[in-house]
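Computed from the coordinates by the stated procedures, all read-outs in this text should not be read as laboratory data. Because the structure is predicted, anything quoted here is derived from the model rather than measured. All Cβ positions, even for glycine, are placed from backbone atoms using ideal geometry, and neighbour counts span all protein chains on display.
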Amino acid sequence: MKNRFLSGCFIVLAIVVILVIIAYSYGVGIYNKMVTLDEGVKEKWSQVENVYQRRFDLIPNLVETVKGYASHEQETFTAVTEARAQAGGMFNISEQVLNDQQMFTRFQEAQAGLSGALQRLMVVVERYPELKANQNFLTLQDQLEGTENRIAVERQRFNETARAYNTYIKQFPRAILAGWFKFRERPYFQSAPEAETAPRVEF
């Protein structure tokens, strides 16, 4: 009788241990997958920042080149400079931007403001045919156009990666573990009809 009791206890204990091991393995697998997806989001975000930084770096040379032909268009130059400064300030808080929807919205608005200022600069360029023939300007124009295209591509890739991550952490029972380990939902880039249109740099 005693042996039967001990045997039964051993079987129950073995089952409990097996269940614990399975649950632990399952939890570790989910956690590791969340880490992998989250790192993917961060990697795509760094690519978005890189292309925005490239545009940011192109602007001073572009403005200086246009100034050489249209020095009296001071209001436009000031608008571009101010928009660039506002957008540049957002690069210093990169981690906060990715973790906070409001900060992310501010980042997007700052970049949209810079896009709008660049559009106004391109309108100025239309008035100066000799500027459009300047080789330095043509080179900068090509670089800016390529950068704007890359921005669109990298934003789309970021959104796709963030969507896959968000979907994964929201599904039950993964949502419970995501809450325990503080995996946060990541924001998306939203299309704004006017502000997020890439500057027209082709003539």
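When shorter helices are ignored and each DSSP H run of at least 4 residues is given -39500 (n - 2.57), the per-residue value for the chain at 222 nm works out to -27500 deg cm²/dmol.
Which of Ser94, Asn134, Met34 sits farthest toward the positive end of the charge dipole of the chain, with +1 on the Cβ of Lys and Arg and -1 on the Cβ of Asp and Glu? Value: Met34. With distances taken between every two different alpha-carbon atoms, region 65-168 has a Kirkwood hydrodynamic radius of 15.7 Å. Computed from backbone phi with θ = phi - 60° and the Karplus coefficients 6.51, -1.76 and 1.60, the 3J(HN,Hα) list for region 32-44 is 5, 5, 4, 4, 4, 5, 5, 5, x, 4, 5, 5, 5 Hz; x is used for glycine and proline. For region 8-81 versus region 147-193, the spacing of their alpha-carbon centroids is 9 Å.
Sorted on the mean count of surrounding Cβ atoms within 10 Å across their residues, most packed first, peptides 149-155, 110-116, 174-180, 22-28 read 110-116, 149-155, 174-180, 22-28. The dipole here belongs to region 2-180: it is taken about the Cα centre, uses +1 on the Cβ of Lys and Arg and -1 on the Cβ of Asp and Glu, and is about 1180 debye. As a proxy for reagent exposure, ranking Leu118, Leu58, Leu144 by other Cβ atoms within 10 Å from fewest up yields Leu58, Leu144, Leu118. Once you divide the Cα radius of gyration of region 2-180 by 2.2 N^0.38 Å, the number left is 1.70.
Between the listed residues Ile176, Ala112, Pro60, the Cα displaced farthest toward the positive end of the dipole of region 2-180, a dipole computed from Cβ unit charges relative to the Cα centre, is found at Ile176. This model, with +1 at the C-beta of Lys and Arg and -1 at the C-beta of Asp and Glu, gives region 1-70 a dipole about its Cα centre of some 440 debye. The ranking of Thr76, Thr139 from fewest to most other beta carbons within 10 Å of each one's beta carbon is Thr139, Thr76.
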